[in-house]
Amino acid sequence: MAADAGQTVKIHPLIVRITHWVNAFAILIMVASGWRIYNASPLFEFKFPTAWTLGGWLAGALQWHFAALWLLAVNGLVYLTYGILSGHFRRKLLPVSPGAVLSDIGAALRGKLAHEDLRFYNAAQRAAYLGAIVLGILLILTGLVIWKPVQFHSLGALMGDYEGARYLHFFAMAALVAFVIVHVVMVALVPRTFPTMFTGRAQLKIRD
Ligand code: HEM
């Protein structure tokens with residue numbers, strides 16, 4: 001698509017913007033209530049500070065977790081279906097190669113990662129977004145095994161059964177929280193990306 005500097009172009013379709021913010025809200029609830037559920041029976045030596053958790057007590061936290069789960073699952077399904085069928089994932093998130101991702105991460109660490117043309121994601125963004133999508137799917141699948149270990153017995157067998165699914169669920173949560181922290185820091189470093197996730201539009205800085 002040819003476009004001139006200064007021209008306003010559409011970069012995020014409405015459905016991506018809506019599902020993105022619904023997803024961010026659902027994940028916030030899932031993580032905060034999940035931390036409260038974890039505190040009731042910790043896997044490791046530590047607990048999450050109560051002030052960072054949601055639900056008050058185990059049963060309350062479980063209710064928040066299940067309520068937000070449906071929001072996350074339905075919203076995620078809409079995003080995935082749209083992303084695959086419309087070609088959005090193919091256009092915006094692919095191709096991505098390990099070499100390009102490593103060179104982008106190196107550039108980011110030197111403070112030289114380019115995200116001038118907001119129509120395109122750089123390789124580090126592509127890998128991070130694809131990773132976040134995979135983590136979301138893994139969280140739902142491991143969550144199903146923890147929720148109904150008997151009914152999802154065959155799925156559980158792939159993850160080391162109930163105990164294995166619990167550890168995987170925890171590590172996938174930790175990785176997704178790490179993604180969100182880095183993601184929000186990157187948005188803060190390139191603040192003009194922020195309004196585009198609401199308006200869908202960006203003004204081009206470069207001529208192509
Ligand atoms: C909480 C969990 C979050 C997840 C899993 C997530 C995931 C994603 C994904 C997958 C994309 C790419 C969307 C696409 O084009 O298909 C994206 C883009 C974006 N996200 Fe998030 N996000 C989260 C939270 C946030 C938050 C809290 C902010 C605001 C600070 C934010 C700001 C943005 C912006 C501005 C973009 C567009 C980046 C650009 O055009 O360069 N996200 N996010």
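Observations on the structure shown:
- In the chain, the DSSP-assigned H stretches of four residues or longer account for a calculated mean residue ellipticity at 222 nm of -22000 deg cm²/dmol, using -39500 (n - 2.57) per stretch and the full residue count as denominator.
- The spacing between the range 147-208 and the range 113-146, judged by their C-alpha centroids, is 6 Å.
- Extension gain from VAL9 to ASP161, taking 0.36 nm per residue of separation minus the Cα-Cα distance: 49.9 nm
- Residues ILE29, ILE37, ILE84 ordered from highest to lowest accessible area at a 1.4 Å probe: ILE84, ILE37, ILE29.
- LEU77-ASP117 pseudo-label distance in nm [points 7 Å out on the Cα-to-Cβ vector]: 3.7
- Residue-level accessible surface for HIS88, protein heavy atoms, 1.4 Å, Å²: 10
- For the chain, the longest principal axis of the alpha carbon atoms and the long axis of helix 14-40 meet at an angle near 30°.
- Acute angle (nearest 10 degrees) that the helix 161-189 long axis makes with the longest principal axis of the chain, alpha-carbon atoms: 30
- Where the range 120-208 is the region considered: accessible area per residue in Å², 1.4 Å probe: 58
- The accessible surface of the chain, taken with every protein chain in place and a 1.4 Å probe, is 72 percent carbon and sulfur.
The values are calculated or read from the model by the stated rules, or taken from the named source; none is laboratory data. Please read these numbers as outputs of a predicted model, since none were measured by experiment. Heads up, the Cβs are rebuilt from the backbone with ideal geometry, glycines too, and the neighbour counts pull from every protein chain shown. All accessible areas refer to the heavy atoms of the entire protein, side chains included, with ligands and DNA or RNA removed. Shrake-Rupley method; radii C 1.70, N 1.55, O 1.52, S 1.80 Å.
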